[in-house]
Amino acid sequence: MNIPQTIRERRTIRRFSTTPVAPELVVSLLNDAVNLYEDKGTPRWRCLFAGTPESRDRLVESMMTKMKENRFVKLMPPKMIDFFIKRVTDIPAHLIFIAESASDRRQSDENFAAVCSVMQNFQLLGWERGLGALWDTDPMFQSESFLAEIGLQEGERFAGILHIGYFDKAPRARRRTPAEQKWTAIGEGRKAGGIRSERGRISAQSILEVLNDAVWAPNDGLREPWRFIYVTGSEAAAKLSNSEGYTSSAFLLFVAEHEEDPHKQEEDYAAICCLIQNVQLLVKSRPWNVRRSIPEWIYDQDQCKGFGIQPEERVVAVLELGENDRSLQSEPSPPPLLNLTHL
């Protein structure tokens, strides 16, 4: 896969052709998407596949229950509602992703981040094969009947549906804000190009090059809810190193901007997880080592203040950055098992 090109070219697809999507292809792509997600932990999530006409009909009918209760929808002519239902049922395949919640907020976030990363991997891998996708989390569809249809249990969290199919035409690109405009540096890297070349140190300019590809992540309404804090130097990075046992002196913090609406908050968090996954895919072609983590200190507002995090913001994850540094390489782990159920 030409990762930079695919990340930049991928688009959200809303109009699909009627060409069937082979279930074997979906399962193969999903397995590849899972294997592309690198994490030393054991995130817990599962996936349901609706690929038969019968399962698609049941799924869409359950999705429409809450929509039909909407007072605006009640004013619509029945033919319009039928047209909408047919348009959704004609989509060849649907993948529903569910993350396991946890009493520990950190573990719950890790599970949700893993799901979002796998969903992004699937979209990119599918795009290479001519498949488009629409990531759907619309609250209007989340009725009791829908949650019952997908078997959502207590302690689980609905992450979204990928509506999948082939398409005839991709939408035009919309401009993305350069990463430089969302960038803050603390320590020796206060200027994007101002870091001297050191063994094991990646220049800020190189990181910005990666970020300017990575920002082509799916985010609803093109809100671009992220900003980046680059922390360098022994003094500035000491707080990070001491708290999590890091060995590097360069870190990239991904920060979620404030959003009042809880549903948009969750969408924005998912978007940043996709952006981080883009970064991890992009660095595969560079002589870098990158380790992602969700450290405990990000949930402590007092510790966050030292990095300029505002009270209404939150850190989504931290990337530890190094060049040709074996200490950053995670221990090899067995391939994860795919928890997939056919509706």
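The values are calculated or read from the model by the stated rules, or taken from the named source; none is laboratory data. Everything numeric in this text was worked out from a predicted model, so none of it was measured. FYI the Cβ positions are ideal-geometry reconstructions off the backbone, even for glycines, and counts take in every protein chain you see. Only protein heavy atoms, including side chains, enter the accessible area calculation; ligands, DNA and RNA are left aside. Shrake-Rupley method; radii C 1.70, N 1.55, O 1.52, S 1.80 Å.
For (1) in a helix (DSSP H, G or I); (2) open to solvent by less than 40 Å² (accessible area, probe 1.4 Å); (3) not acidic (Asp, Glu), each residue gets a yes or a no:
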| site | (1), (2), (3) |
| --- | --- |
| Ile272 | yes, yes, yes |
| Leu275 | yes, yes, yes |
| Val279 | yes, yes, yes |
| Arg292 | no, yes, yes |
| Gln310 | no, no, yes |
Output for region 39-60, where each listed residue is in a loop (DSSP other than H, G, I, E, B), open to solvent by 40 Å² or more (accessible area, probe 1.4 Å) and at pLDDT 90 or above = Thr52
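This table checks each residue for (1) under 30 Å from Val318 (Cβ atoms); (2) open to solvent by 50 Å² or more (accessible area, probe 1.4 Å); (3) part of a helix (DSSP H, G or I); (4) at pLDDT 90 or above.
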| site | (1), (2), (3), (4) |
| --- | --- |
| Met140 | no, yes, yes, no |
| Ile161 | yes, no, no, yes |
| Glu188 | yes, yes, no, no |
| Ser197 | yes, yes, no, no |
| Arg201 | yes, no, no, no |
| Glu224 | yes, no, no, yes |
Among the numbered conditions (1) open to solvent by less than 80 Å² (accessible area, probe 1.4 Å); (2) under 28 Å from Lys169 (Cα atoms), tell me where Arg8 comes up short.
-> (1)
Between a first residue in region 272-299 that is within 13 Å of Leu321 (Cα to Cα) and a second residue that is modelled with pLDDT under 90 and in a helix (DSSP H, G or I), which pairs have beta carbons less than 8 Å apart while being 6 or more apart in sequence or on different chains?
-> Asn289/Arg326; Asn289/Leu328; Val290/Leu328; Arg291/Leu328; Ser293/Glu244
With respect to Lys182, determine if the residue is open to solvent by 20 Å² or more (accessible area, probe 1.4 Å), among the basic types (Lys, Arg), touching a strand residue (DSSP E or B) at 6+ places or on another chain (Cβ under 9 Å) and modelled with pLDDT under 85.
-> no
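Criterion first (in a loop (DSSP other than H, G, I, E, B), at pLDDT 90 or above, closer than 28 Å to Leu222 by Cα and of a type in the set (Lys, Arg)) does Arg106 satisfy it?
Details: in a loop (DSSP other than H, G, I, E, B): no; at pLDDT 90 or above: yes; closer than 28 Å to Leu222 by Cα: yes; of a type in the set (Lys, Arg): yes.
Judged against the criteria, Arg106 is not a match.
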Lone qualifier among Ile85, Ile81, Ile91, Ile96 - being over 21 Å from Asn219 (Cα atoms), buried (at least 20 other Cβ atoms within 10 Å of the Cβ) and of a type in the set (Val, Ile, Thr) = Ile91
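Could you tell me whether any residue of region 142-154 is within 19 Å of the chain's Cα centre (by Cα) and open to solvent by less than 40 Å² (accessible area, probe 1.4 Å)? Walk me through it before giving the result.
Going residue by residue through region 142-154, those that are within 19 Å of the chain's Cα centre (by Cα) are none.
No, every residue in region 142-154 fails to be within 19 Å of the chain's Cα centre (by Cα) and open to solvent by less than 40 Å² (accessible area, probe 1.4 Å).
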